[in-house]
Each structure stands twice: as structure tokens, then as C-alpha cells.
Amino acid sequence: MTDASPERALPPWAEIAEAGGIDAWVVAELKARGLWEEGVDTSSLGDRERKKFKARREEERRVRKQLRRHAWSEFRRNHLVHVGAGVFYHDTADVDRYDIGDPETRRQDNALPKLAHAGDLAKEIGLTVPRLRWLVFHREVDTGTHYHRWHVPKRDGSLRLISAPKPQLKAAQRWIARNITEHLPVHGAAHGFVPGRSTVTNAAVHAGAEVVIKLDLQGFYPTITMPRVKGLMRKAGYGEQVATILALLCTESPREIIELNGKAHHVAIGPRSLPQGAPTSPSITNALCLRLDRRMQGLATKLGFRYSRYADDLTFSWHQADADAPVGKLLHRVRSIVGAEGFAVHPAKTRVMRSGRRQKVTGLVVNGVSAAEGAPEVPPARVPRKLRRMLRAALHNRTQGKDGPESLDRLHGFAAYVYMTDPRQGQALLERAAALREGAAGGTT
């Protein structure tokens, strides 16, 4: 046969690339099929030869078109080609001036997988390249979205946007978190979303302080845009191509839903940034804040403070009873460092709490406890008394058969929280909550 019929199986992209690329492979195929002719002088041909030559040329054009269509289809099955308007991307996994020196050593130091190109990443995640393209493709206006979105109220009355990825994107993000972002270096002052650390370890740093100073980073997640995430991946040892894909997988634009001709359109209203609710966002923020934490720790040590960070909450504490805390100097320099690191301090959420009033850090009380109150048995960071009283009252009411606004699961969660901070007080509360849940499950309450 002299055409690209089923009797002659067309090869996958690997063989086409080995042949020298699309053009070289097409020429080789045409020659193998006896359809390649070059340098023919048609003026010397008779009518019959000219007619045969014309038929061969038409067949050559038909087969060439079919071969090129197959080759480009295979190329797209193995390359992303394009990932959306406004996103720089190319499929050549080459080296450029933004690559760090010896990226292989950097990846080995952090136990990161080697990902030479988009195909490697897709294979590791368990996706085809076209499916990976579908997940990362950026559109300013889209008819669908890879996220479920809703708002939850903050303590100040404003709303917080939660963007939870849908199953396939969530699976990809979890792979990235487990294998890449959770392996990146994190400062010892970071306590949020770090194994072995919690709100309790964060608050305990500041227990018994004379002065506690709390600051909040404004618009924390929206501030960490796609270029910053991409830069983090480049620094981790990945090239331009893979770093771009990883950054696209971990970021998304805030969007508004607009109805047009009876159909919903998701319109981007800002740059791509870390979504709050994605599995990758916490570990990325910790890695990106490494230099911020180093500078804050250095400042705190220089001025005589202690420092810790839990997500976007920065806390400093002063423990010298015989000297005044240089609060003004600290706040001035903190704002300067925060601005230099690409963030901003929330102007309405800075708190200076002295030992004469209640001091709370990540929701836990850290005031020093006098000997009369039984200091040896009282933990340095503990749940506020108001919450403990509410929990006891709710458990008592449930024991008496009275319903309340809180579910048994939620009361059990509160009891576990108290136990985490103070096992001595929390044990009895946890046992009462567990007994109520078991009774409800058995239909006795």
C-alpha cells in the first residue's frame, strides 16, 4: 500500500522524535512509501507521464497531510504546547539564566523527585499530558472551574473566601505537597501546618511574657501570586517548564460568576495566587516565608524579643521584667521587613498586650500563673476559661437530656482541644463527651 492506511501502523511520538522531528519523519515515511520525488522536470514528460506524475503528487499531498496530522496529534498528546493567554510557556526543557547552579544537588538535598519535563510530572501524578493541560490551562473567562468556592465569616465580620479544589486537581496538589512543597526548608519559628507543631507550640513560646505583640499579614494568600510560586520552584531546582506547570497547578485567579445568555461564566478579577483551601498552600507559604522568618528572628534576637509565626500571624514577646520593651522600634522595623518581603501588616490587627491583662496567642491564654493558682499543674498555653465553662455547661445539659446549639461531634472536638492543651483538665471532659457520643450512637440519648 502507498498510503497511511491501517495496514501500516503509525508510530508514537517517541519514534517520531527519534527520527528527527515531524518534518524529518514525514519525509522518511514518504520515501518508504515510494511517494517522495525531488528534482523532476515536468517539461520533459509526455502527456501520459505527466498525468501519472500528477496523480502521484496528489497522493503524496494526501498522505503528507495525513502523516502531519498524526504527528501533530502525537505531539499534543506528549506536550502541553500552550497553557493559556498571558502565561509564558515553551515545551523545550532547556537551561536558562534563571536556573540555579547544580539543581540536581539542590533537589537531592531536599529529597525532591527529578522532573525533566511536563511528561515526567504528568506520569508521576498519574495523568495523561492532555489531562494535565486541562488542569493547568488558564483562561480569563471560563465556563467551568476546578474549585468549589464559598465564604466563611471572619471574627471582624468580613468574609473569607475558601477555594477547595475538585477531586482530580486535589489529587494532583496532594502529590505535589507530599513530594515537593512539604520537603522544602522551613524556619524553626514557623508553627503552622508543620508536623509536630501546632497552635499550642506556637503559643507556648510566649508564655509568661511581660509584653506580647501580635501582628497580622494583610491579604496573605492573595499576596502570594503565581510568579512567586514559580520562583520558589525554580529555587528548589526545577527548570522553567516544570516550575511553570507546578505554579499553575497550585494557584488560581479569584473569580466572579456572571450570567450571559443563560450560562454561567467564571471571570478572573485578579492575578493567579494561592487559594485558601488547597492542600499545597500551607507548605508553600511556609517555604516562601523562610527569609521573612530569618529576618524576623534576627530582629527579635537583636532587640531581646522572642518570635514565632503561625500562618499569617506574627507574634513577639518580651520577658525582661527589669527593662522596658522597645515596642515602637520593633514595630517600625517589622513593618519595614514585611514590606521588603512583599507583604503588608494589617493596620487594624496589631495588638500590644501587657501582663496586667489577658494575653492570647493563636487563641490560647499565655499569661504567667501565680503559685497560688497552682503553677506547676497549669500549662503555659491553655484554652480560655470562658470556653471551658461553656463546654462543661453544654456537656451537663446534654447529660440532663437537654439539646443545645452545638452537635455532639463539635463538643467532642472542643474537649479534644482542651485535652491537647491541658490533659489534666481535658481528660474528664473528653471522657464525658465520648460517653455522650457513644450513647447517642446506641440510641440511648
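The values are calculated or read from the model by the stated rules, or taken from the named source; none is laboratory data. Quick caveat, the model's predicted, so the values are computed rather than measured. Cβ: placed from backbone, ideal geometry, glycine included. Neighbour counts: every protein chain shown. The area values use the complete protein model at the heavy-atom level, side chains included, leaving out ligands, DNA and RNA. Shrake-Rupley method; radii C 1.70, N 1.55, O 1.52, S 1.80 Å.
For a Förster distance of 60 Å, can you work out the FRET efficiency between the beta-carbons of Arg131 and Asn397, rounded to the nearest 0.05?
0.70
Could you work out how far helix 423-441 tilts from the main Cα principal axis of the chain, as a 0 to 90 degree angle to the nearest 10?
60 degrees
Tabulate in residue order the Karplus-calculated ³J(HN,Hα) for the range 199-206, using 6.51 cos²θ - 1.76 cosθ + 1.60 with θ = phi - 60°, rounded to whole Hz; enter x for Gly and Pro.
Per-residue couplings from phi come out as 4, 5, 5, 5, 5, 4, 4, 10 Hz.
Among Lys170/Lys349; Lys114/Lys170; Lys154/Lys263; Lys31/Lys51; Lys214/Lys386; Lys123/Lys166, which pairs are too far apart, with a Cα-Cα distance over 26 Å?
Details: Lys170/Lys349 32 Å; Lys114/Lys170 21 Å; Lys154/Lys263 31 Å; Lys31/Lys51 21 Å; Lys214/Lys386 21 Å; Lys123/Lys166 20 Å.
Cα-Cα > 26 Å for Lys170/Lys349; Lys154/Lys263; rest within.
Tell me the carbon and sulfur percent of the accessible area for the chain, rounded to whole percent, probe radius 1.4 Å. It would help to have the intermediate numbers written out before the result.
Numbers: 12280 of 23880 Å².
In the chain, the share of accessible area belonging to carbon and sulfur is 51 percent.
Can you give me the accessible area per residue for the chain, using a 1.4 Å probe, in Å²? Don't jump to the answer; show the numbers that get you there.
Numbers: 23880 Å² over 445 residues.
Per residue, the chain has an accessible area of 54 Å².
Tell me which residues come under 5 Å, amide H to amide H, from Val361 once H is placed; ignore anything under 5 positions away on its chain.
The list, which skips near neighbours in sequence, is Val366.
Place +1 on the Cβ of every Lys and Arg and -1 on the Cβ of every Asp and Glu in the chain, take the dipole about the Cα centre, and give the residue among Leu232, Leu436, Trp25 whose Cα lies farthest towards its positive end.
Leu436
So, in Å, what gap is there between the alpha-carbon centers of the range 121-160 and the range 167-231?
Going from one Cα centre to the other spans 20 Å.
Can you work out D for the range 228-280 in µm² s⁻¹ from Stokes-Einstein, where Rh is the Kirkwood radius over C-alpha pairs, the temperature is 37 °C and the viscosity is 0.692 mPa s?
Values: Rh = 12.6 Å.
In µm²/s, the coefficient rounds to 261.
For the chain, the longest stretch holding no GluC sites (Glu not before Pro) located in a DSSP loop with at most 13 other Cβ atoms within 10 Å is which?
Working: sites that count: Glu7, Glu37, Glu38, Glu140.
By the stated rule (loop sites, at most 13 other Cβ atoms within 10 Å), 141-445.
Order 396-405, 187-196 from most to least packed using the mean count of other Cβ atoms within 10 Å.
Numbers: 396-405: 11.0, 187-196: 16.7.
In decreasing order of mean packing, 396-405, 187-196 become 187-196, 396-405.
Step through the residues of the range 159-167 one at a time and calculate ³J(HN,Hα) from phi using the Karplus curve (6.51 cos²θ - 1.76 cosθ + 1.60, θ = phi - 60°), rounding each to whole Hz and writing x for Gly and Pro.
Listing the rounded values in order: 10, 9, 7, 10, 10, 9, x, 6, x Hz.
Could you check the spin-label model distance between Ala85 and Ala264? Points 7 Å from the Cα along Cα→Cβ, value in nm.
2.3 nm
Would you mind calculating the gained length between Arg357 and Lys54 on full extension (0.36 nm times residue separation, minus the Cα-Cα distance), in nm to one decimal? Walk me through the intermediate numbers first.
Details: separation 303, 0.36 × 303 = 109.08 nm, distance 9.63 nm.
In short, 99.4 nm is gained.
If each DSSP helix of 4+ residues adds -39,500 (n - 2.57) and the sum is divided by the residues in the chain, what number results at 222 nm, nearest 500 deg cm²/dmol? Could the numbers behind the result be given before it?
On the way: 17 runs with 201 residues, N = 445.
Value at 222 nm, helices only: -14000 deg cm²/dmol.
For Cα pairs less than 8 Å apart in space and 6+ apart in sequence, what is the mean separation divided by the residue count of the range 197-337, i.e. the relative contact order in percent? Provide the component values of the computation, followed by the final result.
Numbers: 169 pairs, mean separation 45.5, N = 141.
In percent, rounded to a whole number, it is 32.
I want the local charge near Gly404. Using Cβ-Cβ distances under 11 Å, sum +1 for each Lys or Arg and -1 for each Asp or Glu among the other residues. Walk me through the numbers before you get to the answer.
Details: positive: Arg398, Lys402, Arg410; negative: Asp403, Glu406.
That sum, taken over residues with Cβ under 11 Å, equals +1.
With axes computed from alpha carbons, what is the tilt in degrees of helix 240-250 against the longest principal axis of the chain, rounded to the nearest 10 within 0 to 90?
For 240-250 against the chain, the angle is about 50 degrees.
Kirkwood hydrodynamic radius, the chain, all distinct C-alpha pairs: what's the number in Å? List each step's numbers first, then the result.
Numbers: mean 1/r = 0.0371 Å⁻¹.
In the chain this quantity evaluates to 27.0 Å.
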